[in-house]
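The values are calculated or read from the model by the stated rules, or taken from the named source; none is laboratory data. Everything quoted here is computed from the prediction, not taken from an experiment. Here the Cβ positions follow ideal geometry from the backbone for every residue, glycine too, while neighbour counts run over all protein chains shown. Please note that ligands, DNA and RNA were not included when accessible areas were found on the heavy atoms of the full protein model with its side chains. Shrake-Rupley method; radii C 1.70, N 1.55, O 1.52, S 1.80 Å.
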Amino acid sequence: MPFPSSENRPNPDELLAAIQKEEAERRRGKLRLFFGMAAGVGKTFAMLKAAQAQKKAGVDVAVGIVETHGRQETAALLEGLPLLPRKQIEYRGTVMEEMDLESVLARKPRIALVDELAHTNAPGSRHPKRYQDVLEILEAGIDVYSTMNVQHLESRVDLVQLITAVAVRETVPDSVLDLADQIELIDISPHELLKRFREGKVYPAERANRAMEHFFQESHLTALREISLRATAERVDQDLQEIIEEGRVPGPWGTGERIMVAVTHSPFSERLIRAARKMAVQMETTWIALYVDTGRALGESEQNLLVKNLELARELGAEVVTTQDTDVAAAIQRVAAAKNVAQVVIGRPTRRFWRELFQGGSLIDRLARETRGIDVHVIRQPDPGKKPFRFLPPLKAEAPISAYWKTAAFIACTAALGWVLRDLIGYQAVGFIFLLMVMAVGLVASLGPTLFAATLGSLIWNFFFIPPLFTFYIRRPEDIMMFLTFFVVAVVTGSFAFRLRRQQRALRQREEKTNILYEILKAMTLARGVDAVVKAALERMAEIFGGECCVLTRANLENDDGPSFGAMALDEKERAVARWSFEHGRIAGWSTETLPMASSLAVSLKWGERKYGVLLFRPRSRRELTPEQENFLFVIANQIAVAVAKNEFEEEHNRGALLAESERLHQTLLNCISHELRTPLTGIMGAATALQEEKTAGDPAARRALVKEMVRSADRLNRVFENLLDMTRLESGMLKINKEWFDIRDLARQTLKSLQLPLAEHRVVFREPERGLYLQGDFQLLEHAVSNILLNAASYSPPGTVITVELRARLGFAVLSVADQGPGIPEEMREHIFEKFYRVPGTPAGGTGLGLAIAKSLVETHGGRIEAGETPRGGAEFSVWLPLPEAPAEIREATQ
């Protein structure tokens, strides 16, 4: 199979990113964002027009939430679109309407319309921010149309506040914008927008006048328009870059002015890097520093200078790209096409006669002749002084001296073979044997031994085989011609064999890098959770680079803790390097010019403008990394940063959901407690007031009834506080169990006795076994649990009905059942009735919704369980299962 050309080889980094993007897009819905410079430009109007077009095409469209703000033209576009019900949330006496996320997920339309992406949800909602709602909708596979103004983009907030002097409190992370599959800029001129304000099409007249005096000034709107245009242009440029990298169109296109500078180990590369940086700043564009590894071995000083140049480019903001190719001009063209580069910066190369002759001209000539749509900038170099003319390039001893000895021995063996065969095949055929051996040397050795083999083979063939023998004199003209031809062909074929070997080695290295990146991506994809993902990446790094690795997160660096991932023991120098790298967002430590005495290399983990931690790499050997290895290290560090950022985003999402749930529970608790406290307090106050009257004081029967009511209300109030305290102790883990042996029959009797007053309106049937059932547990806590179950039965069964309490032993458990004759519990709600504050819909007011949750926790603390079921007559039945151990004989005797 022929080797694929270097132009068609996939870039490993781009392959990795493409696989990740394809995997993510396959799972989630599509986000179409209508983007504008400010309110009133027509984002919602454009979104509804697009939705109406989709509806006419037969697509299932539903309105999650759309704010028309009283604009009649916008409201008219809502006609015919199905409106999902909004969720009403009460907060501090005010009822707010929000999008009902559950309704959207349950309805599952093909497209959901969600207006105002940056909106902050009311307390008690599922998520604090609406964009988090949108993310959950997208994860459910539903496409979303949404709207957003540029001032809410997190990376532009500081600039907007500086321009308008107005604080922006609602922001959307740039990562959400990156998820958008389509961004449509809704743009009008500031003059036209202000005209809409004056006509009352955006806000009412009074509000519009205030807005135009502050945020909506023409100068502000002009600046906001430029910001929105730039933000959209950056996204379009990213999309174009992806199209080119995927190979759907040939690049580059002259739509941008991205700059690329070619960097080598030359000391003049620093000048080129600074020139490219200056051009990029002037053009306000991004730039790339490219190093092409031709396969030639670099000396230690050259390697250090190359690393220094690449670090300088990285510090100045360049995207550093390394690639392997024996043809520098072809590599520059390939990377320029893949990265959509419009301008290339190079230095003036040294002219070499033979290289230009065989390669089709100098690097400048080839770039100018072969590239299309790319401008080439040649930067002059400082005059190094006059150099002597060289017909041939200087040869460098890239191979050790032993390689030359081995080559000499190989040619000597070839000469011996030729001496044996000279009488059979003739001295001309022996020359071809020497030529084949020279080609063989070129396939396994470097250029120096190859040229040495060609020269030595030519001389030996002349001395030992061409008549007259044992002299370098050649008598016949045709032999002279044959000798010269042999020498030239040997040099050329040997050189070509060496170049072929070097190209194969470069292809093999690129293939290995692609495979390694694939293996890392595969390991990180199969891992579950950020711990496993980062661990997989660190293990692969340790195998590839030969050293130890760890990751310090932001919390580790702030609290001076050990590594979050990895088991490296860090010294003070390494901690200092990690902190410096995190604070400055640059590499530092070993093999760099910043804190080089440290034994580890620190790489800042960044995603976008946000820093998440530091990757530390401690090599086993002090040999510096090659530029290819260093770039590879940055690729892995970027993947780790993405994993950590995703984990933090999920934690933030979960915290938001927890906060919303906490707010909901807080509101529910306040509502329940206010009712449960107010009712008994009202009874106590009413009875106490009546007792103060003279008429009541002289009526003993009335006095007893009022006192009885006060006791009942006080008992109810006491139970409320007991439930709250028990729930607090259970959740804090401070509940202590005092275990003792007792008969569960005594527990049931004591509980029924203590609840005589609350159960007075019901007929209680108690069935118990003749023999005792002995448990080891906390008598008071279990009495509280059974009390809550009995009170629940009394609350939900009509007065005069029967409540049955039954004790029995079954399968090594003592089972206490409480059955009532109430309405029962629907089967689909039985799994929820033990949740805190949960009440079956449609039940009468009263109760905190904590009784059954506390009973379940107390029983499970004793190693038991509670089951909810239904009686044959349709009532509810609760069964408490408690472990029934073998009680000591003295306990059984003492309780009989």
Practice prompt. Would you mind estimating how fast region 99-153 diffuses translationally, via Stokes-Einstein at 10 °C and 1.306 mPa s with the Kirkwood radius over Cα pairs, in µm²/s?
Written response: 138
Worksheet item: Packing-wise, with mean Cβ within 10 Å as the measure, how do 103-113, 875-885 rank, highest first?
Response: 875-885, 103-113
Worksheet, complete the sentence: Debye calc, one equal point scatterer per Cα of region 763-802, no solvent, log10 I(q)/I(0) at q = 0.22, 0.32 1/Å comes to -0.89, -1.06
Discussion item. Probe radius 1.4 Å, ligands and nucleic acids left out: which of TYR131, TYR518 has the largest accessible area, and how do the rest follow?
Written reply: TYR518, TYR131
Worksheet, complete the sentence: With all protein chains present and a 1.4 Å probe, the order of CYS550, CYS413 from largest accessible area down is CYS413, CYS550
Worksheet item: With every protein chain left in place, what is the accessible area of VAL292 in Å² (1.4 Å probe, nearest 10)?
Response: 20
Discussion item. I'd like the accessible area for THR222: 1.4 Å probe, protein heavy atoms, all chains in place, Å² to the nearest 10.
Written reply: 70
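Below 8 Å between Cα atoms, with a sequence gap of 6+, how large is the relative contact order for region 65-162 in percent? Could you put the intermediate results ahead of the total?
Numbers: 115 pairs, mean separation 22.6, N = 98.
Relative contact order comes out at 23 percent.
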Worksheet item: How big is the accessible area of PHE779 in square angstrom, nearest 10, if you roll a 1.4 angstrom probe over the protein chains?
Response: 40
Worksheet item: Using a basic spin-label model with each label point 7 Å from the Cα along Cα→Cβ, how many nm lie between GLU478 and LEU78?
Response: 10.2
Discussion item. Students often get this wrong, so check it: of LYS129/LYS856; LYS108/LYS129; LYS278/LYS522, which have C-alpha atoms separated by over 29 Å?
Written reply: LYS129/LYS856; LYS278/LYS522
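Can you list which of the GluC sites (Glu not before Pro) found in region 115-211 are DSSP loop residues with at most 12 other C-beta atoms within 10 Å?
GLU199
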Worksheet entry | Estimated inter-spin distance, ALA165 and THR689, nm [label 7 Å along Cα→Cβ] | 5.8
Item to complete: Take the Cα coordinates of region 48-87, assign each an equal point scatterer, and use the Debye formula without solvent to give log10 I(q)/I(0) at q = 0.29 Å⁻¹.
Response: -1.08
